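Asks: Just passing along the structure, written as structure tokens.
The values are calculated or read from the model by the stated rules, or taken from the named source; none is laboratory data. All figures in this text were calculated on a predicted structure; none of them were measured in a lab. Glycine gets a Cβ as well: all are built from the backbone with ideal geometry, and neighbour counts include every protein chain shown. Note: accessible area is taken over every heavy atom of the protein model, side chains too, but ligands, DNA and RNA are not part of it. Shrake-Rupley method; radii C 1.70, N 1.55, O 1.52, S 1.80 Å.
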Amino acid sequence: MEFQITDGRVYYQDEKNEVLAQATYSYVSEGVVDIDHTYVSPVLRGQGIAGKLMEALASDLRAKGLKAAASCSYAEAWLEKNRESYEDIIA
């Protein structure tokens, strides 16, 4: 599965261009973003896709030198669970 990455969004779409998984964020201050939404289609749930989506997003934020907060409950829980690995990007 290959995620597409744009500014403010990491997503996966199928061959029909239907978005089946995505995480979005917006800038809240200089160098800090708020991960405000995660979504995984019911057809992909239970396969660890949300975690992989967050890994891709966290890696992209790290590469851009950004920090993240999360108003999305899933993203917040994922950041806390993976705090040790991603401490450098947590705002």
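Asks: Which residues' amide hydrogens lie under 5 Å from the amide hydrogen of residue 41, considering only partners 5 or more residues apart or on another chain, with H built in the peptide plane?
Replies: 21
Asks: Let me ask something else. What dipole magnitude, in Debye to the nearest 20, does segment 1-65 give about its Cα centre under +1 on Lys/Arg Cβ and -1 on Asp/Glu Cβ?
Replies: Numbers: 6 positive and 10 negative charges, 31 e Å.
Around 140 debye, computed over segment 1-65.
Asks: Using a Förster radius of 22 Å, what is the FRET efficiency between residue 85 and residue 32 based on their Cβ-Cβ separation? Nearest 0.05, please. All intermediate terms of the calculation are to be shown ahead of the outcome.
Replies: Values: r = 19 Å, r/R0 = 0.87.
The computed FRET efficiency comes out at 0.70.
Asks: Let me ask another. Report the label-to-label distance for residue 16 and residue 41 in nanometres (one decimal), using points 7 Å from each Cα along the Cα→Cβ vector.
Replies: About 0.7 nm separates the two model spin labels.
Asks: With a 1.4 Å probe and all protein chains left in place, how much of the accessible area of the chain comes from carbon and sulfur atoms, in whole percent?
Replies: Ligands and nucleic acids excluded, carbon and sulfur reach 45 percent.
Asks: Looking only at the chain, where both bridge partners belong to it, what percent of the DSSP beta bridges are antiparallel (to the nearest 5)? Write down the numbers at each step before the final one.
Replies: On the way: 16 of 21 bridges.
Bridges in the chain are about 75 percent antiparallel.
Asks: Considering only 65, 46, 31, give the residue with the highest GNM mean-square fluctuation for the chain, with springs between Cα atoms whenever their separation is below 10 Å.
Replies: Maximum fluctuation in the GNM of the chain, among the listed residues, is at 46.
Asks: Here's something else I'd like to know. Provide the per residue accessible area, probe 1.4 Å, for the chain, rounded to a whole number of square angstrom.
Replies: 59
Asks: List the lysines whose Cα lies under 26 Å from the Cα of residue 16, skipping any in the same chain that are fewer than 8 positions away.
Replies: Result set, ordered by chain and number: 52.
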